[in-house]
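> Before we start, here is the structure in question, set down as structure tokens.
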Amino acid sequence: MTDVPADPAALGELMHSAFRGLRKRWMFQLAPFELTPHQFRALNAVGRAADQAGSPEGAAPGLRLKELAERLHIAPRSATEVVDQLTAKGLVDRSAHPADRRATLLTLTGAGEELREKVLADRKREADEFFSVLEPGDRAELARILGELVPGRP
């Protein structure tokens, strides 16, 4: 094991460096799909909402624009801009909420679903490659430690 100082500032710097490396790979990975990280986060959030749609009878399918902004921790105006971009690319559909005419529901188009699946598969491959320098036990320990640092995570 590498001798790493336990100083919180040094640990923070190491985390930032590792994250920057992962984010740089992520941006290069998304480029062929003509997506930004913000666009994919939104696309994936809409897709996850559909995946979890074991909703009660009569619930409207889709994710409200306001819920998207909350899930992504961004301003509603920023969520609108990202959804505008995804809609222009034919990846997301907007529709009126059947019970609340003020609300807009978001769903993935067929092209959006297909692209999301491709990017997720590619992201898994990239992550496997990035973390391949770690032994399986070290990966598990890193996951445990990082999970401790994420608020509200079981």
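> Residues of the stretch 59-86 being under 11 Å from L108 (Cβ atoms) and at pLDDT 95 or above, which ones?
L86
> Being in contact with a Gly (Cβ under 7 Å, 6 or more places away or on another chain), surrounded by 11 or more Cβ atoms within 10 Å (Cβ to Cβ) and modelled with pLDDT of 90 or more is the requirement here; does V92 meet it?
Here the answer is yes, as V92 does meet what is asked.
Per-residue answers, yes or no, for (1) surrounded by 10 or more Cβ atoms within 10 Å (Cβ to Cβ); (2) in contact (Cβ under 8 Å) with a residue 40 or more places away in the chain; (3) not charged (D, E, K, R):
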position: R71; (1), (2), (3): yes, no, no
position: A79; (1), (2), (3): yes, no, yes
position: E126; (1), (2), (3): yes, yes, no
position: P136; (1), (2), (3): no, no, yes
position: G152; (1), (2), (3): no, no, yes
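> Could you say whether any residue in the stretch 95-117 is part of a strand (DSSP E or B), open to solvent by 60 Å² or more (accessible area, probe 1.4 Å) and within 18 Å of G62 (Cα to Cα)? Break it down into steps so the answer makes sense when it comes.
So the first thing to find is which residues in the stretch 95-117 are part of a strand (DSSP E or B), and the list is 95-96, 104-108.
Pick out the ones that are also open to solvent by 60 Å² or more (accessible area, probe 1.4 Å) and you get 96.
Filter once more, keeping what is within 18 Å of G62 (Cα to Cα): 96.
So far as the stretch 95-117 goes, yes, one or more of its residues are part of a strand (DSSP E or B), open to solvent by 60 Å² or more (accessible area, probe 1.4 Å) and within 18 Å of G62 (Cα to Cα).
> Looking only at residues in the stretch 1-58 that are in a loop (DSSP other than H, G, I, E, B) and modelled with pLDDT of 90 or more, which one is surrounded by the fewest Cβ atoms within 10 Å (Cβ to Cβ)? Show your work before the answer.
We begin by selecting, within the stretch 1-58, every residue in a loop (DSSP other than H, G, I, E, B); these are 1-7, 34-36, 52-58.
Still in the running and modelled with pLDDT of 90 or more: 34-36.
Values: E34: 9, L35: 22, T36: 14.
Filtering the stretch 1-58 for residues that are in a loop (DSSP other than H, G, I, E, B) and modelled with pLDDT of 90 or more, the one surrounded by the fewest Cβ atoms within 10 Å (Cβ to Cβ) comes out as E34.
The values are calculated or read from the model by the stated rules, or taken from the named source; none is laboratory data. Computed from a prediction, not measured in an experiment: that's the story for all the values here. Neighbour counts are summed over all protein chains in view; Cβ atoms, including those assigned to glycine, are modelled from backbone coordinates with ideal geometry. For the accessible areas, the whole protein counts, side chains as well, though only heavy atoms, and no ligand, DNA or RNA atoms are used. Shrake-Rupley method; radii C 1.70, N 1.55, O 1.52, S 1.80 Å.
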